[in-house]
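I have placed the structure first, in the form of structure tokens, so that the comments after it can refer back to it.
The values are calculated or read from the model by the stated rules, or taken from the named source; none is laboratory data. All of these numbers come straight from a predicted model, not from anything done at the bench. Every residue, glycine among them, receives a Cβ derived from its backbone with ideal geometry; neighbour counts consider all protein chains shown.
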Amino acid sequence: MLTNQNGSLGKQPPTVTIDQTTPYNCKSCGSKVFDVRFMLRKASKIQTGMDTDMVVPIQVYTCADCGQVAEDFLPNIPGLYGGTKQSDTTSNE
Ligand SMILES: [Zn+2]
């Protein structure tokens, strides 16, 4: 017989206490305080098959002082942030 085990005891995340962590400072101004913000990605309705375009929010951290995005904590999505210095195809001018 097969039993389905949802939420079984698998890998548990390592327990880390605060004193085992290291501080993270803004690379631009050195601030230690960050805001939680969202980048938005749009999925075309043609891709999703829905009636309207879909918005996909991606949580990011920005420096509370200068607004610099903490790039170290960005999800690994190619072209999500940076690298777009208007050097490639100019489409909106
Ligand atoms: Zn900053």
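Here's a check for you: in segment 54-78, which residue that is touching a strand residue (DSSP E or B) at 6+ places or on another chain (Cβ under 8 Å) and of a type in the set (Gly, Ala, Ser) is surrounded by the most Cβ atoms within 10 Å (Cβ to Cβ)? Explain how you work it out, then say what you get.
In the first step, residues of segment 54-78 are kept if they are touching a strand residue (DSSP E or B) at 6+ places or on another chain (Cβ under 8 Å); the result is 54-64, 68-70, 73-75, 77.
Checking the rest, the ones that are also of a type in the set (Gly, Ala, Ser) come to 64, 70.
On the way: Ala64: 14, Ala70: 17.
Here the residue is Ala70.
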In segment 70-86, the residues that are out of contact with any Phe, Trp or Tyr (no Cβ under 6 Å at 6 or more places or on another chain), within 16 Å of the ligand (Cβ to nearest atom) and not acidic (Asp, Glu): Tyr81, Gly82
Qualifying residues in segment 29-64 (those that are assigned to a loop (DSSP other than H, G, I, E, B) and β-branched (Val, Ile, Thr)) - the one nearest to the ligand (Cβ to nearest atom): Val33
Odd one out for Asp51, checked against (1) at pLDDT 90 or above; (2) surrounded by 10 or more Cβ atoms within 10 Å (Cβ to Cβ): (2)
